[in-house]
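Before any comments, here is the structure.
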Amino acid sequence: MVNLEEKKLNLLCVPSNIVGIKNPYKGLRNISLAGYKNILLDFSLCCTSGELERIGRKKAAEEKTDRLKIFENPEKMNEAMLPLLEQCKIQGIHTPAAYAPYLPRDTKHADLNGLLLHLAKESIKLCGLARCKNLVVRPLFAGIAPADIWECNKAFYLELAKLAKEQDVRILLENQCKDINGHLVRGICAMAEEAVDWVDRLNEAAGEERFGFCVDVGVCSLCGQNMYDFIIGLGDRLKAVIMRDCNGNQESAMLPFTSVYRGESQTDWLNLIRGLREIGFDGELIMDIRDTAAAFSHLLRPEILRLSKKIADFLKWQIEIETRLKKYSSRVLFGAGNMCRNYMKCYGEKYPPFYTCDNDKSVWGTEFCGVMVKNPESLKELPEDCAIFICNIYYCEIREQLLEMGIDNPIEYFNDEYMPSFYFDRLEMKEMKSEE
């Protein structure tokens, strides 16, 4: 069985357009200096979808490049990836998840499905070598009639499951979009019901939990899906999420929060975070910024990587807010304003605080949203295992205040930007002030 021991949410960086396959030192060092401890073991670094496509067009005989030789002898993928794996070991970078080679979404070359099977098997062997526990393998689609999609893929995935069990690797399916005359629409496993059905039936056929699911946020955006419903439907089958921004029309992998129009993000981050928070997601959070990285000078890429790590940390924090609330048996709040109000509306009943406190003396001894407001000095009387959740945008200043007071209790930050529901009175108050 796959080792299903409890673990924390992992942050991974996709190395494409950052790390060179033959000389990976500098790119991996920049990833490490940015703060990442993990990367996605992306096997398309040594065999891209475009090169696979060229084989289908029978150009392999004309283009005898080193990479194309890999397709004539897929075992050479091992040799091509070794410098990267060795450098990861030297720099202490882990590879908890990987991505198998795949074809372009508009390919018609069904004759390459056998090669994809071979490459997926080689990917599993490399995962075993690198102690990588999760491998994303896209389903077969080229040249397969819609009525035969499930049966063909069932045979494909179960063939991989035999080797995956030997190497202790979990195979992750992924939601797909398909290209119809240049338009991207929902494809295989793009609906939660189908994704759940495939994973459950494959696990039943394998006789163990050998399969899970990876959500590609970019595909959800391209297909106009409600990510909250999709994630809730998947539940604990969800083991990995690929975080990438796009404009909802063209496929791209951009830094989250950078695809905007008139100040509005083109990706529904709100429903994504809500969904991941609700299911208590603790898998692999994969930052795919390959297109953003490619657009910047190599001199600026270290800065882009540092920014992407900051964004990854922010997303992780938002996703894990309820997990941290659940972690403690008791809690108090610091702040008696809008953020506290939103806490009480969304979590006050499920995770009730003893009280809240505030630096404003005028509110001490009053009640706010059903809780008493106290002097911060009262925090010195808390049981040592009671957590203090700061409900105020001045997180750093208040934390420093608490430390100067000699408070030894756990200090956590709360934020209300991605709540499960909104407190509309806050919006109304904003509107009233703007009218004044």
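The values are calculated or read from the model by the stated rules, or taken from the named source; none is laboratory data. Note that the coordinates shown come from a computational prediction; the quantities given were computed from them, not determined experimentally. Quick reminder, even Gly has a Cβ in these numbers, built from the backbone with ideal geometry, and neighbours come from all protein chains shown.
Taking the range 150-168 as the search range and keeping residues that are of a type in the set (D, E, K, R) and part of a helix (DSSP H, G or I), which one is nearest to residue 134 (Cα to Cα)?
Filtering the range 150-168 for residues that are of a type in the set (D, E, K, R) and part of a helix (DSSP H, G or I), the one nearest to residue 134 (Cα to Cα) comes out as 165.
So which residues in the range 295-350 are of a type in the set (Phe, Trp, Tyr) and over 30 Å from residue 383 (Cβ atoms)?
The answer is 296, 314.
Could you grab the pairs with beta carbons closer than 6 Å, sequence gap of 6+ or different chains, first residue in the range 255-267 and farther than 15 Å from residue 290 by Cα, second one of a type in the set (Gly, Ala, Ser) and modelled with pLDDT of 90 or more?
Between residues of the range 255-267 that are farther than 15 Å from residue 290 by Cα and residues that are of a type in the set (Gly, Ala, Ser) and modelled with pLDDT of 90 or more, the close pairs are 266/259; 267/221.
Examine the range 41-49 for a residue that is modelled with pLDDT under 80 and either of a type in the set (D, E, K, R) or not assigned by TED's automatic domain parsing to the domain that holds residue 102 (or both), and state whether such a residue exists.
no
Only one of 309, 327 is under 30 Å from residue 98 (Cα atoms) and under 31 Å from the mean Cα position of the chain (by Cα). Can you tell me which?
The unique qualifying residue is 309.
Please determine whether any residue of the range 55-74 is at pLDDT below 90 and within 30 Å of residue 11 (Cβ to Cβ).
Among the residues of the range 55-74, at least one is at pLDDT below 90 and within 30 Å of residue 11 (Cβ to Cβ), which makes the answer yes.
Which of (1) at pLDDT below 95; (2) surrounded by fewer than 23 Cβ atoms within 10 Å (Cβ to Cβ) does residue 30 not meet, given it meets every other one?
The single condition residue 30 does not satisfy is (1).
Can you list residue pairs whose Cβ atoms sit under 8 Å apart, with the first residue in the range 292-304 being within 19 Å of residue 247 (Cα to Cα) and the second being not in a helix (DSSP H, G or I)? Count only pairs 6 or more apart in sequence or on different chains.
Every condition considered, the pairs that remain are 292/253; 292/254; 292/255; 292/258; 293/16; 293/17; 293/18; 294/17.
Which residues, counting only those in the range 324-334, are in a helix (DSSP H, G or I) and touching a Phe, Trp or Tyr at 6+ places or on another chain (Cβ under 9 Å)?
Initial filter on the range 324-334 (in a helix (DSSP H, G or I)): 324-327.
324, 325, 326 - these are the residues of the range 324-334 that are in a helix (DSSP H, G or I) and touching a Phe, Trp or Tyr at 6+ places or on another chain (Cβ under 9 Å).
Within the group 303, 284, which residue is within 12 Å of the chain's Cα centre (by Cα), modelled with pLDDT of 95 or more and closer than 24 Å to residue 28 by Cβ? Walk me through how you get there before you give the answer.
Working: 303 fails: within 12 Å of the chain's Cα centre (by Cα).
Only one candidate passes the filter, namely 284.
Which number in (1) in a loop (DSSP other than H, G, I, E, B); (2) buried (at least 17 other Cβ atoms within 10 Å of the Cβ); (3) of a type in the set (D, E, K, R) marks the one condition that residue 350 misses?
(2)
Considering only the range 151-159, I want to know if a residue exists there that is in contact with a helix residue (DSSP H, G or I) (Cβ under 8 Å, 6 or more places away or on another chain), closer than 17 Å to residue 284 by Cβ, touching a residue at least 12 places away in the same chain (Cβ under 8 Å) and of a type in the set (Asp, Glu).
No, because not a single residue in the range 151-159 is in contact with a helix residue (DSSP H, G or I) (Cβ under 8 Å, 6 or more places away or on another chain), closer than 17 Å to residue 284 by Cβ, touching a residue at least 12 places away in the same chain (Cβ under 8 Å) and of a type in the set (Asp, Glu).
A quick yes/no check of all residues on (1) among the aromatic types (Phe, Trp, Tyr); (2) within 30 Å of residue 210 (Cβ to Cβ); (3) surrounded by fewer than 22 Cβ atoms within 10 Å (Cβ to Cβ):
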| site | (1), (2), (3) |
| --- | --- |
| 235 | no, yes, yes |
| 249 | no, no, yes |
| 261 | yes, no, yes |
| 264 | no, no, yes |
| 296 | yes, no, yes |
| 303 | no, no, yes |
| 307 | no, no, yes |
| 313 | no, no, yes |
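Any residue that is closer than 23 Å to residue 290 by Cβ and either part of a helix (DSSP H, G or I) or modelled with pLDDT of 95 or more (or both) - is there at least one of those in the range 201-214?
In the first step, residues of the range 201-214 are kept if they are closer than 23 Å to residue 290 by Cβ; the result is 213-214.
With either part of a helix (DSSP H, G or I) or modelled with pLDDT of 95 or more (or both) added as a condition, the list becomes 213-214.
Yes, because at least one residue in the range 201-214 is closer than 23 Å to residue 290 by Cβ and either part of a helix (DSSP H, G or I) or modelled with pLDDT of 95 or more (or both).
So which residues in the range 247-298 are under 20 Å from residue 228 (Cα atoms), among the acidic types (Asp, Glu) and in a helix (DSSP H, G or I)?
Answer for the range 247-298, where residues must be under 20 Å from residue 228 (Cα atoms), among the acidic types (Asp, Glu) and in a helix (DSSP H, G or I): just 278.
Which is assigned to a loop (DSSP other than H, G, I, E, B) and surrounded by fewer than 16 Cβ atoms within 10 Å (Cβ to Cβ), of 114, 143?
On the way: 114 fails: assigned to a loop (DSSP other than H, G, I, E, B).
From the options 114, 143, the qualifying one is 143.
Across the range 77-130, which residue is modelled with the highest pLDDT among those that are among the acidic types (Asp, Glu) and farther than 30 Å from residue 181 by Cβ?
Checked the range 77-130; the qualifying residue modelled with the highest pLDDT is 86.
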